[in-house]
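The next block holds one structure in the form of structure tokens; read it before the comments.
The values are calculated or read from the model by the stated rules, or taken from the named source; none is laboratory data. These numbers were taken from a predicted model, which means no experiment stands behind them. Cβ: placed from backbone, ideal geometry, glycine included. Neighbour counts: every protein chain shown.
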2 protein chains.
Amino acid sequence: VKLYTYFRSSAAFRVRIALNLKGLAYESCFVHLPKGEHRGEAYGRVNPQALVPTLDTGAAKLNQSLAIIEYLEQTHPSPALLPTDALGRARVRSLSLLVACEIHPMNNLRALQYLRRELGQSEEGVTTWYRHWIADGLSKLEAELASSTRTGRFSHGDTPSMADCCLVPQIFNARRFDSDLRPYPTTMRIFDACMALDAFDRAQPSKQPDAE
Amino acid sequence: VKLYTYFRSSAAFRVRIALNLKGLAYESCFVHLPKGEHRGEAYGRVNPQALVPTLDTGAAKLNQSLAIIEYLEQTHPSPALLPTDALGRARVRSLSLLVACEIHPMNNLRALQYLRRELGQSEEGVTTWYRHWIADGLSKLEAELASSTRTGRFSHGDTPSMADCCLVPQIFNARRFDSDLRPYPTTMRIFDACMALDAFDRAQPSKQPDAE
């Protein structure tokens with residue numbers, strides 16, 4: 001399979017982790033987001049959403065990171081990134097969506113650029129916005145993780161799941177903007193447990209061939 | 001089952017449609033978002049994410065609309081809201097996530113309130129922001145729907161899917177802010193096909209008991 005990726009993209013990072021956890025080798029195609037390569041005509045034929053990542057399976061080009069991870073789960077079930085019980089699956093999906101819908105969209109590159117360029121916000125305004133949504137979202141994640149008996153060494157039990165594939169890139173993103181992470185001890189304990197694993201470590205931005 | 005809902009919440013609207021499509025009766029608990037009831041202590045015990053909707057199954061309280069719909073799909077498989085083939089499932093999930101991750105987070109109530117109250121944006125600035133993300137996101141959705149042979153009477157084939165549960169509330173939201181929807185003929189054709197069905201029609205905001 002071929003993965004269209006950019007080293008700093010949190011969404012691509014999620015899929016890199018999932019591929020590594022499942023032991024699937026992949027070829028990388030690098031899409032330079034700051035240069036706008038994702039908005040070009042060539043990439044538009046790969047992904048009509050003009051977003052990274054895309055997974056080219058040969059049979060089809062799949063996009064949206066969580067849809068890709070669910071596809072990998074169905075086609076390569078072992079090791080599992082979702083539990084088998086319906087309530088457990090709902091919990092892992094909810095934790096994943098909390099990051100993917102409530103936190104990340106607010107502070108990805110294009111949202112911050114739009115605030116700066118089109119709405120005339122100062123750097124201070126942009127940082128205020130960024131930190132607000134990080135704090136809002138990570139408080140919710142911490143509340144979920146700290147309040148459930150199903151939280152284990154990882155977000156759900158003692159093996160990594162799709163929720164961890166989302167948690168880790170979000171923490172990298174938050175650190176890049178110097179967010180205060182001390183209020184989220186459960187989240188950070190899980191982050192550390194993840195990063196001790198090779199599958200997470202190898203997927204991190206600075207270890208990608210396109211890292212700058 | 002019990003659904004914590006607010007008539008205008010797009011995320012709750014998605015779940016109302018799914019419950020109706022599957023023919024599942026539910027009891028409604030109304031959470032008044034503009035009054036901030038979702039941020040109160042009582043609701044915090046229902047949903048640590050302080051967001052609507054929550055589905056209380058008796059055994060557990062589930063949150064995040066797409067996680068709830070996936071749970072309903074696993075526990076009440078018929079009629080199906082996801083196809084059975086892995087590539088089809090990936091496509092329906094991707095279309096759903098395109099709405100849930102790329103469009104809706106940018107223009108839900110709390111994002112607009114934050115722009116207005118904390119970043120000092122004028123109504124004009126807020127409207128510019130809103131319309132930008134609607135146009136950006138719906139163009140991508142239209143490109144996906146118009147370019148695929150798998151699009152049928154609905155987003156995926158000729159029966160409604162999870163993708164339609166996401167598409168319809170997003171169009172209601174866009175109309176509320178007077179967005180120009182003429183550039184999205186495929187999307188709007190599917191919207192009309194959905195609204196001709198009782199399951200969608202009954203779920204719409206103005207037909208909820210808590211509508212104002």
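Listed values, structure above:
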{"item": "Residues of the range A:160-212 that turn out to be loosely packed, with under 13 Cβ neighbours inside 10 Å, farther than 24 Å from A:S148 by Cβ and among the hydrophobic types (A, V, I, L, M, F, W, C), as a count", "result": "1"}
{"item": "Helices (runs of 4 or more DSSP H) completely within the range A:124-212 that count 3 or more residues being touching a residue at least 12 places away in the same chain (Cβ under 8 Å) and farther than 29 Å from B:R45 by Cβ", "result": "A:162-176, A:198-201"}
{"item": "Failed condition for A:S179, given (1) in contact with a Cys (Cβ under 9 Å, 6 or more places away or on another chain); (2) of a type in the set (S, T, Y); (3) modelled with pLDDT under 95", "result": "(1)"}
{"item": "From the options B:S94, B:S65, residue that is touching a helix residue (DSSP H, G or I) at 6+ places or on another chain (Cβ under 6 Å) and under 22 Å from B:Q204 (Cα atoms)", "result": "B:S65"}
{"item": "Members of the range B:56-88 that are of a type in the set (V, I, T) and touching a strand residue (DSSP E or B) at 6+ places or on another chain (Cβ under 7 Å)", "result": "B:I68"}
{"item": "Residue tally, condition farther than 24 Å from B:G125 by Cα, at the interface with another protein chain (Cβ under 10 Å from one of its Cβ atoms) and surrounded by fewer than 17 Cβ atoms within 10 Å (Cβ to Cβ), over the range A:102-149", "result": "4"}
